[in-house]
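The values are calculated or read from the model by the stated rules, or taken from the named source; none is laboratory data. Small disclaimer: the values here were computed from a predicted structure and weren't measured. Cβ coordinates were reconstructed from backbone atoms using ideal geometry, including for glycine residues, and neighbour counts include every protein chain displayed. Protein only, heavy atoms only, side chains kept; ligands, DNA and RNA dropped before computing areas. Shrake-Rupley method; radii C 1.70, N 1.55, O 1.52, S 1.80 Å.
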Amino acid sequence: MVRATSVEIGKRAATAAESRMLIDGELAGAASGAEFDNISPATGRVLGTTAAADAADMDRAVGAARRAFDGTDWSTNRELRKRCLQQLQSALESEQEELRTELIAEVGCPVMTTQLAQLDWPLADALRYPARLIDEFEWERPLQGGGLFGERNMRTVVKEPVGVVAAITPSNFPIEVILNKLGPALAAGNTVVLKPDPNTPWNATRLGRLVAEHTDIPAGVLNVVPTGSNEVAGLLGTDPRVDMISFTGSTAVGKLLARQSADTMKRTFLELGGKSALIVLDDADPAKVIPGAVGVCVHAGQACAATTRMLVHTSLYDEVVAAVTAAFAAVTVGDPALPQTLVGPLISAAQQQRVLDAIAQARRDGAEITTGGGDVTDLPGELGGGYYVRPTVIVGVDNSAAIAQQEVFGPVLVILPFGDDHEAVRIANDSAYGLAGAVVSASSERAMAVARRVRTGAIGVNGGMYYGADAPFGGYKSSGWGRQCGIEGFSQYLETKTIGYRRPRGA
């Protein structure tokens, strides 16, 4: 387990980092020799460098993926796919602690989060579940009867891989998203070009090295292509050799990719932003809602599913605001490498400024800031150069305010009152987003009834967790389309073919 400061962690991570990309089975730098800096969000200092792909590198990666799909038996050899996923699982486990160190260094995530969704949770089942589906999934199913053309006419529905998948992943939970994309995409028989976020490239390039050195995955089946260029990344959306875009990130970029993909009719899976609501009904125990509220602070609020709107019945409103304000004020902000830290840095100076700008806009809109509201200026040593924002509670606005409608992606919670269950549902649904949510009530039946009326892709009731490789996750409305994980997530990486054939006479 990590027991060092972020400065020490950064040095350790830099020593073990993989800077090369993986293209067509080979680990190499960019053809041009270009590199880009990997910045520590905890200190603002350069950790090291990573190969910076240009258009030629991306072209080679897509070409390799196309050849591997069209020219090898990867798409049809299920036993090979299962063995390779098991090999990758073992390889990742063999470097689990090094990966943990790397995530803390380049993502700035608190060490405690690596024991949850940052690392340990996805490592437990993100590859194992789709590997198991290779044996359990119904790849073919016969249709009953001969249909319109008599009993000799037979029909079979066949599931086949989509082809070349471009997986574009974010900086907030990078290895979690990468594994939950690669697991089903590879298990289904696709080949992949992985483009990691340039703020957090090393976890992806490490995975590329493990694939090259410790698995039988054929050359070109997985390509890892880091780049700091949006123009180079955008080639994945327009290249006709790419059959599917699997993207997790902002709604604005998701919409851009959808437009880019339209001309070549690519399938798109888009897991986008959220402005999820935590609904506190009038029979709830106020003390039991504090953990859910403070959850917004975890990893500095950089979670698309975070319940950043808290809707509280008017009879409990003042009490809950006071309790949540006290809880936020007590949250530890600082070095993400220390076990007591809940709130580490934002991923970049630009994201820090976006969060501070959103808080400033809320003030101009007449909001009251009950705690927080600014950056952190009292951290010691090199941490003073990091990108920290104090956990912030905002009241005094209605649901039409920008702070209640726009995704902030920081440790910022807005608390809104409501009068009855109907109004709570109306406010929760009054959003461009529909990704996640939560309901708290003394009555499970009542909470379930409210949960079923909220237009969102996932929702927790009285602390219930929906997370897991077997649980589909994704959103309604501007939170995207398609699902990650579960049978639904596996199926979206598959095409459907119906075959009709004549049964021989007498057979």
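Annotations
- Carbon and sulfur %, accessible surface of the chain computed with the full protein complex present, 1.4 Å: 51
- Neighbourhood net charge (11 Å Cβ-Cβ; Lys/Arg +1, Asp/Glu -1) for A51: -3
- Think of it as helices only: each DSSP H run of n ≥ 4 in the chain is worth -39500 (n - 2.57), and spread over all residues that comes to -11500 deg cm²/dmol at 222 nm.
- Between the range 167-214 and the range 242-259, the Cα center-to-center distance that results, in Å: 16
- Three-way shape call for the chain based on the alpha-carbon gyration tensor, with the a/c threshold at 1.5: oblate
- In straight-distance terms, cross-link reach from K82 covers every one of the lysines whose alpha-carbon lies under 20 Å from its own, apart from those fewer than eight places away in the same chain; here that gives K159, K181.
- Under 24 Å from the Cα of K288 - lysines, other chains or at least 8 residues apart: K275
- Cα gyration tensor category, rounded, prolate or oblate, for the range 126-231 with a/c compared to 1.5: prolate
- Potential extension, N230-R155 segment - 0.36 nm per residue separation minus Cα distance: 22.4 nm
- Remark: relative contact order (the range 102-208) = 31 percent; criterion is Cα-Cα distance under 8 angstrom and separation of 6 or more residues.
- Normalised contact order of the range 66-148, rounded percent, pairs of Cα under 8 Å and 6 or more residues apart: 31
- Accessible surface, per residue, of the range 277-468 when the full set of protein chains is kept, probe 1.4 Å, Å²: 39
- Residue separation of R259 and A28 scaled by 0.36 nm, minus their Cα-Cα distance, works out to 79.9 nm of gained length.
- For the range 343-355, Karplus couplings with θ = phi - 60° (6.51, -1.76, 1.60), whole Hz, Gly/Pro x: 10, x, x, 6, 5, 7, 5, 5, 5, 4, 5, 4, 5
- Over the range 277-468: Rg over Rh, Cα atoms, Kirkwood Rh: 0.96
- Computed FRET value (nearest 0.05) for I290 with Y466, which takes r as the C-beta separation and R₀ as 25 Å: 0.75
- Inter-centroid distance (Cα atoms) of the range 117-166 relative to the range 408-457, Å: 34
- Peptides 313-325, 174-186, 437-449 ordered by packing proxy, namely the average of other Cβ atoms within 10 Å per residue, highest first: 174-186, 437-449, 313-325.
- When you restrict to C-alpha pairs under 8 Å that are six or more residues apart and normalise by the size of the chain, the relative contact order lands at 19 percent.
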